[in-house]
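Just so you know, all these numbers are worked out from the coordinates, no wet-lab data involved. Computed from a prediction, not measured in an experiment: that's the story for all the values here. Using ideal geometry, Cβ is built from the backbone for each residue, glycine included, and neighbour counts are taken over all protein chains shown.
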Amino acid sequence: MKNKSEFLSFTLDLAKKTGDIQLSYFGNISSIERKSSNIDLLTKADIESEKLIISKIKEQYPNHSIISEETESNLKDSKYTWIIDPLDGTTNFAHNLPIFAVSIALMKEDKIIMGVVYNPAANKCFYAELNEGAYLNNRLIQPSSAEKLSDCLLATGFPYLHDKKYDLSFQIFKDFYDKTRGLRRLGAAALDLCFVAMGRFDGFYEYNLKTWDICAGALIASEAGCTVSDWNGKKFPKDGSRILCTNSKIHDSMMKVLTKPEYKIYFNLS
């Protein structure tokens, strides 16, 4: 990208500095807190990463709103809202698995206009601005060209809450597993979306995520040429309740599975 906006330049620098904090803790974690469950974790790296990001945004853009994973939202009368996941993939991070990322998106009114997802362990930085394409370390990226599910590798994830949807999600997994080359569960939705954007995965679906999990990655994928939608093809809910991201060529095939009558519970239908 030749002409990065002020917002993107600021965010790229901020993501790299946040990544430095995470690398200073990676492999050297002294304490872990549990949030909603034994597998929903919080580390000092999460806390310090978020503290840095929020403080820098408040300093640079004091009138902007901020939504972040670990801190109460700071909403103001502004058309700009920053959406932050300071460390996506905390469980991976806590177990020294180098699949985690800083995810920062900027929304103007109701439209995501910029997204950055940085994996410091691999020094891979994905980014995009609206209508400007998607990039990985300054290289333009695009999704795969696979047209049949039988030629595809997919990604998904599972939520912390163990309920009826959770149990049924393994049937969806089996449906796709039987039709594809396989599925992977990496544990970092922001990176899953970016990996579809660059063609590493052909498709990704998940439910019960949060807005900070998907906003940056969704823009990056969309700008790369992917189709990003709800499971039924409608505009994807920014709250993360459901998301489907594909190389566009297999989108209909994946929707046919995700909208089967036996899965209507995911749309809160009786």
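Tabulated results
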| quantity | calculated |
| --- | --- |
| Whichever lysines have a C-alpha closer than 23 Å to that of LYS79, once near sequence neighbours (fewer than 8 apart) are set aside | LYS4, LYS51, LYS56, LYS58, LYS108, LYS111, LYS210, LYS235, LYS238 |
| Computed label-point distance, nm, for sites ARG185 and PHE267 using a 7 Å Cα→Cβ extension | 2.5 |
| Peptides ranked, highest mean first, by Cβ atoms within 10 Å: ranges 51-63, 226-238 | 226-238, 51-63 |
| Residue of ALA188, ALA218, ALA101 that the Gaussian network model of the chain assigns the largest fluctuation, springs spanning Cα pairs under 10 Å | ALA188 |
| Estimated FRET transfer efficiency when R0 is 35 angstrom, pair LEU153-ASP77 (beta carbons, to 0.05) | 0.20 |
| Fraction of antiparallel bridges per DSSP, the chain only, in percent to nearest 5 | 80 |
| Distance in nm between pseudo-label sites at ASN28 and VAL257 (7 Å out along the Cβ direction from Cα) | 4.2 |
| Calculated over the range 167-270: convex hull of Cα atoms, volume per residue (Å³) | 95 |
| Under 19 Å from the Cα of LYS148 - aspartates and glutamates, other chains or at least 8 residues apart | ASP175, ASP178, ASP202, ASP252 |
| Extension gain from ASN131 to ASP178, taking 0.36 nm per residue of separation minus the Cα-Cα distance | 13.3 nm |
| Mean Cβ count within 10 Å, highest first, over the residues of peptides 109-121, 9-21, 252-264 | 109-121, 9-21, 252-264 |
| GNM flexibility winner over the chain from ARG181, ARG242, ARG200 (Cα, springs under 10 Å) | ARG181 |
